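Peer 1: Structure in structure tokens, see below.
The values are calculated or read from the model by the stated rules, or taken from the named source; none is laboratory data. This one's a predicted model, so the numbers in the text were calculated from it and none came from an experiment. Note that each Cβ is placed from the backbone with ideal geometry, even for glycine, and that neighbours are counted across all protein chains shown.
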Amino acid sequence: MEGQGALNHPRYSGVTLGLLHGTRPDAMVLCHDLRRTALGLLPQVALPSLRRAIEINEEAARWAEPDRAPRVIGLSVVTAGLGDDEARAALRRLTGETGLPATDVLRYGAGELVPPVRAGLVGSAT
């Protein structure tokens with residue numbers, strides 16, 4: 001599932017929640033843009049911490065089916081505007097903060113995310 005909003009976005013949260021409940025994910029990869037501290041066209045709306053964004057998504061995923069426990073299993077991070085050393089340091093920092101693998105899939109590929117995605121596919125053929 002891919003969505004253009006976020007659960008904390010006042011204009012698009014309903015769409016994002018509908019996608020989240022409709023897809024019933026086994027596992028989730030959270031996308032994060034290092035350049036953003038607030039919502040694009042709503043600069044007065046600060047983004048939650050990455051740890052809080054993970055909590056919000058995991059909790060909301062359980063609302064429709066409380067016995068399931070879908071987890072965020074990795075981070076897809078936009079590191080545009082950073083040099084290679086800075087980008088790699090930021091990804092290491094995020095991994096350290098969250099305990100989750102983090103990569104910029106456009107810059108470095110999705111290899112870091114493949115093992116946790118496969119492991120998170122509950123009841124699916126791998």
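Peer 1: What pairs come out if I take residues in region 98-122 that are in contact (Cβ under 8 Å) with a residue 12 or more places away in the chain and pair them with residues that are charged (D, E, K, R) whose C-beta lies under 6 Å away, six or more apart or interchain?
Peer 2: Close Cβ pairs satisfying both conditions: Pro101/Glu112; Thr103/Glu112; Gly120/Asp26; Leu121/Asp26; Val122/Asp26.
Peer 1: Still on this structure, I have one more. Is region 60-68 home to any residue that is modelled with pLDDT of 90 or more and touching a strand residue (DSSP E or B) at 6+ places or on another chain (Cβ under 8 Å)?
Peer 2: Looking only at region 60-68, we keep the residues that are modelled with pLDDT of 90 or more, and these are 60-63.
Narrowing the set further to residues that are touching a strand residue (DSSP E or B) at 6+ places or on another chain (Cβ under 8 Å) leaves 61.
For region 60-68, residues modelled with pLDDT of 90 or more and touching a strand residue (DSSP E or B) at 6+ places or on another chain (Cβ under 8 Å): present.
Peer 1: May I ask you to list pairs of residues, at least six apart or on different chains, whose Cβ atoms are under 8 Å apart, with the first in region 54-67 being touching a residue at least 40 places away in the same chain (Cβ under 8 Å) and the second being surrounded by 10 or more Cβ atoms within 10 Å (Cβ to Cβ) and among the β-branched types (Val, Ile, Thr)?
Peer 2: Ile54/Val72; Ile54/Thr98; Asn57/Val72
Peer 1: Please work out which residue is surrounded by the most Cβ atoms within 10 Å (Cβ to Cβ), limiting yourself to region 73-116 and to residues that are of a type in the set (Asp, Glu) and out of contact with any Pro (no Cβ under 9 Å at 6 or more places or on another chain).
Peer 2: Here is the first cut: in region 73-116, the ones of a type in the set (Asp, Glu) are 84-86, 97, 104, 112.
Those left that are additionally out of contact with any Pro (no Cβ under 9 Å at 6 or more places or on another chain): 84-86, 97, 104.
Numbers: Asp84: 10, Asp85: 8, Glu86: 12, Glu97: 13, Asp104: 21.
The selected residue is Asp104.
Table: residues versus (1) modelled with pLDDT of 85 or more; (2) under 15 Å from the mean Cα position of the chain (by Cα).
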site	(1), (2)
Gln4	no, yes
Asn8	yes, yes
Arg11	yes, no
Val29	yes, yes
His32	yes, yes
Arg36	yes, yes
Pro43	yes, no
Pro48	yes, yes
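Peer 1: Considering only region 48-59, I want to know if a residue exists there that is over 26 Å from Gly22 (Cβ atoms) and in a loop (DSSP other than H, G, I, E, B).
Peer 2: Yes, there is a match, as at least one residue in region 48-59 is over 26 Å from Gly22 (Cβ atoms) and in a loop (DSSP other than H, G, I, E, B).
Peer 1: Within region 10-46, how many residues are in contact with a strand residue (DSSP E or B) (Cβ under 6 Å, 6 or more places away or on another chain) and either loosely packed, with under 13 Cβ neighbours inside 10 Å or farther than 25 Å from Glu112 by Cβ (or both)?
Peer 2: Residues that pass the stated criteria total 4.
Peer 1: Still on this structure: Residues in region 60-106 that are assigned to a helix (DSSP H, G or I) and among the hydrophobic types (A, V, I, L, M, F, W, C): how many? Break it down stepwise before answering.
Peer 2: Going residue by residue through region 60-106, those that are assigned to a helix (DSSP H, G or I) are 60-63, 84-98, 105-106.
Among the residues that remain, those that are also among the hydrophobic types (A, V, I, L, M, F, W, C) are: 60-61, 63, 87, 89-91, 94, 105-106.
Qualifying residue count, region 60-106: 10.
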